[in-house]
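Participant: Dropping the structure in here first, questions after.
The values are calculated or read from the model by the stated rules, or taken from the named source; none is laboratory data. Predicted model, so just to flag it, every value in this text is computed and none were measured. Backbone-built Cβ (ideal geometry, glycine too); neighbour counts: all protein chains shown.
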């Protein structure tokens with residue numbers, strides 16, 4: 001089972017929930033993937049020993065100007081405008097290239113070859129409680145996180161686990177889409193504030209558009225108002241857990257201590273959360289799917 005822990009808004013406690021969920025069910029074989037490759041921080045809670053390393057690369061086109069006739073076919077087939085023809089010369093913009101290879105395949109003069117470019121790194125190793133931990137890190141100045149996430153998902157440094165938890169980047173952009181593709185369930189972490197509600201709507205729309213079952217964890221419960229609960233009720237999104245706004249919780253997290261380690265009474269709550277996720281994922285297509293209403297209303 002693959003559980004993607006996501007949030008439309010950064011800072012809602014997504015990694016807090018993901019790490020505590022992994023620790024609560026670590027009796028089973030479990031792999032934790034930190035897909036927030038622009039700012040990975042799950043290692044602060046899970047303390048992995050990162051023993052395995054692998055570069056993430058893209059194949060970027062390089063044009064042989066002596067063979068190029070400036071016919072423009074490469075620019076025609078590039079969906080990302082990473083190669084253009086100006087003044088009878090083909091120019092490549094590596095920052096825009098997704099490494100799809102279309103320009104190389106379609107060049108009638110065989111004037112384009114592909115050269116590797118390292119854009120990030122994958123790391124893996126054992127973490128606390130026997131958790132298999134892996135993360136991706138995007139190189140500074142690189143604009144595209146999705147290729148690193150895609151290779152992290154496909155990397156197999158461990159034996160196959162029965163449970164995979166993906167700590168998803170915040171937002172609803174391409175890295176988020178890549179992170180939750182292929183998941184069995186999306187756990188949306190939010191807070192009962194206007195910003196939390198706004199971004200929860202966007203994240204819920206994304207889950208619905210991908211046909212994925214979803215549920216909600218309300219963090220910092222007790223602040224704000226009841227509009228998040230009202231939205232979840234209208235959208236058919238089950239609220240699976242609430243974590244109250246308490247100073248003691250903030251203090252333990254600030255020290256890098258997982259919630260279930262500092263306060264053992266949360267251990268059965270996260271185990272129950274996993275049980276509910278299992279039930280909802282198994283029932284996908286009925287009560288789990290988001291209500292067929294306009295989520296933005």
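Participant: Here are some residues: 211, 196. Which one is at pLDDT below 95, surrounded by fewer than 20 Cβ atoms within 10 Å (Cβ to Cβ) and assigned by TED's automatic domain parsing to the domain that holds residue 8?
Facilitator: The conditions single out 211.
Participant: Another question, then. So residue 150 passes all but one of these: (1) surrounded by fewer than 18 Cβ atoms within 10 Å (Cβ to Cβ); (2) touching a residue at least 40 places away in the same chain (Cβ under 8 Å). Which condition number does it fail?
Facilitator: (2) is the only condition that residue 150 fails.
Participant: When you look at residue 78, is it in contact with a helix residue (DSSP H, G or I) (Cβ under 8 Å, 6 or more places away or on another chain), surrounded by 19 or more Cβ atoms within 10 Å (Cβ to Cβ) and not assigned by TED's automatic domain parsing to the domain that holds residue 256, yes or no?
Facilitator: So residue 78 passes the test.
Participant: Which is under 31 Å from the mean Cα position of the chain (by Cα), under 19 Å from residue 35 (Cα atoms), modelled with pLDDT under 95 and in the same structural domain as residue 177 (by TED's automatic domain parsing), of 140, 148, 164?
Facilitator: So the residue among 140, 148, 164 that is under 31 Å from the mean Cα position of the chain (by Cα), under 19 Å from residue 35 (Cα atoms), modelled with pLDDT under 95 and in the same structural domain as residue 177 (by TED's automatic domain parsing) is 140.
Participant: Right, here's the next one. Determine which member of the set 239, 228 is surrounded by fewer than 19 Cβ atoms within 10 Å (Cβ to Cβ) and in contact (Cβ under 8 Å) with a residue 24 or more places away in the chain.
Facilitator: The unique qualifying residue is 239.
Participant: Could we say that residue 272 is at pLDDT below 95, surrounded by fewer than 15 Cβ atoms within 10 Å (Cβ to Cβ) and part of a helix (DSSP H, G or I) here?
Facilitator: no
Participant: Let me spell it out: the conditions are (1) closer than 21 Å to residue 31 by Cβ; (2) modelled with pLDDT of 95 or more, and residue 204 meets all of them except one. Which number is the exception?
Facilitator: (1)
Participant: Can you go through 276, 247, 257, 242 and tell me which one is assigned by TED's automatic domain parsing to the domain that holds residue 152, farther than 28 Å from residue 153 by Cα and within 24 Å of the chain's Cα centre (by Cα)?
Facilitator: On the way: 276 fails: farther than 28 Å from residue 153 by Cα; 247 fails: within 24 Å of the chain's Cα centre (by Cα); 257 fails: farther than 28 Å from residue 153 by Cα.
242 is the lone residue from the list that is assigned by TED's automatic domain parsing to the domain that holds residue 152, farther than 28 Å from residue 153 by Cα and within 24 Å of the chain's Cα centre (by Cα).
The rows are residues; the columns are (1) surrounded by fewer than 15 Cβ atoms within 10 Å (Cβ to Cβ); (2) touching a strand residue (DSSP E or B) at 6+ places or on another chain (Cβ under 7 Å).
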{"position": "50", "(1), (2)": "no, yes"}
{"position": "69", "(1), (2)": "yes, no"}
{"position": "85", "(1), (2)": "no, no"}
{"position": "104", "(1), (2)": "no, yes"}
{"position": "115", "(1), (2)": "yes, yes"}
{"position": "128", "(1), (2)": "no, no"}
{"position": "141", "(1), (2)": "yes, no"}
{"position": "159", "(1), (2)": "yes, no"}
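Participant: On the given criteria, is residue 57 within 20 Å of the chain's Cα centre (by Cα), farther than 22 Å from residue 4 by Cβ and surrounded by 14 or more Cβ atoms within 10 Å (Cβ to Cβ)?
Facilitator: On the way: within 20 Å of the chain's Cα centre (by Cα): yes; farther than 22 Å from residue 4 by Cβ: yes; surrounded by 14 or more Cβ atoms within 10 Å (Cβ to Cβ): yes.
Yes: the conditions hold for residue 57.
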